[in-house]
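Data first, discussion second: the structure below is written as structure tokens.
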């Protein structure tokens, strides 16, 4: 679409900063926390990741939409973001898997977007000032009114958004990742009797479930509000705690549930919010990061071993709050925040990052195998 025909749009931050650009996607107004993602690929996985519920996403990669969208790359049943913010938008995608353009996809789900702004300047501002609320509108162009609205919006700190994305009812998951991904699952993993895994859904990504199924797990996904007694009645070999949006310390029901589940001493594996929930249930504390970790190239490790990881989170476990019975297995090497932990005597472990790599590197896929081995050992 020629810029002469594009409709104007505004992005107003809570500190009064105004960005004027052009509208794409749906018409409307969206408000939430403004964060940035540094990934150079995988925009559809980002759009559909439930962990982004309640947020306006700045894509630092300057070209968005070149490969369109397709059903296979969705991490949930719809886009979860509040709005998309980009430098340039491709209106005519070119890819053999594409079934729809990005603007049409967002329009279908009533999600507005803005392009044509300096996303580098916006990203630098968030890095220096910190993630903050913003409001994007393609219909209300009164910036003073937009500022008034956004300054009255609640902070992400203290928000429990899990109830907006968790499953409405239990369901079974059996789909695996494509054959090219199977390099990490051995014949023993896939030929052994299936291990029963109950996945507590705080906002789970589909590719996590696919990786568990690829390792021979029989996965039952349950709503986050499921009582611990009901979870244990399913007689799982292991319990998985998923990723999810919002402030983990506000998910009090989930924390209480995991405390009870620990009494069974069944293996527990947590990813992202699941990692934070596990830490909180073990008596630790969490805090809000200045601008979070969102991208595909976050280095994590310990003892001279480094993994390049995919991450998406705005909170972290406070290292000093961990008890003597818990050890740190990974740090984020950019800022030395806790990126992994495990219990010293019980089969509980978790990571802040996404080993399912959707999108992202495959360095950490071994963690699924580690979970499988813990379950086998526990059965013996």
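A few remarks follow.
- Taking the centroid of alpha carbons for each part, the range 105-147 and the range 241-257 are 28 Å apart.
- Between the range 198-217 and the range 280-308, the alpha-carbon center distance in angstrom: 21
- Along principal axes, Cα extents of the range 36-128, largest first, whole Å: 38, 25, 21
- DSSP finds beta bridges in the chain, and of those with both partners inside it, around 60 percent are antiparallel.
- Across 206, 97, 304, mean-square fluctuation computed from a Gaussian network of the chain (C-alpha pairs under 10 Å connected) peaks at 304.
- 5 Å binning of all Cα-Cα separations within the range 113-154, expressed as whole percents from 0 upward: 5, 18, 23, 26, 23, 4
- Ellipticity estimate at 222 nm from DSSP helix runs (n ≥ 4, -39,500 (n - 2.57)) divided over the chain, nearest 500: -6500 deg cm²/dmol
- Highest-fluctuation residue, 128, 321, 242 considered, GNM on the chain with Cα pairs under 10 Å: 128
- Three-way shape call for the range 291-342 based on the alpha-carbon gyration tensor, with the a/c threshold at 1.5: oblate
- Looking at the range 3-150 alone, DSSP beta bridges between its own residues are antiparallel in about 60 percent of cases.
- Rounded to the nearest 10 degrees, the angle from helix 366-379 to the longest Cα principal axis of the chain is 30 degrees.
- Spin-label model, residue 174 to residue 297: label points 7 Å out along the Cα-to-beta-carbon direction sit 4.1 nm apart.
- DSSP bridge pairs, the range 162-379: antiparallel proportion in percent, nearest 5: 60
- Oblate is the label for the range 195-284. Its Cα gyration tensor axes, ordered a ≥ b ≥ c, give a/c of at least 1.5 and b/c at or above a/b.
- Principal axis dimensions, the chain - Cα atoms, whole angstrom, descending: 69, 45, 42
- Paramagnetic label zone (point 7 Å from Cα along Cα-to-C-beta, residue 139; backbone N under 17 Å) in the range 27-61: 27-32
- With an a/c value under 1.5 for the gyration tensor axes a ≥ b ≥ c computed over the alpha-carbon atoms, the range 162-379 is described as rounded.
- Highest GNM mean-square fluctuation among 368, 202, 269, for the chain modelled with Cα contacts below 10 Å: 368.
- Rounded Å value of the spacing that divides the Cα centres of the range 1-77 and the range 338-363: 28
Only the coordinates and a few stated rules stand behind these numbers; no lab work does. Remember, predicted model here, so these are calculated numbers, not experimental data. Because the Cβ atoms are built from the backbone with ideal geometry, glycine has one as well, and the counts that use them run over all protein chains shown.
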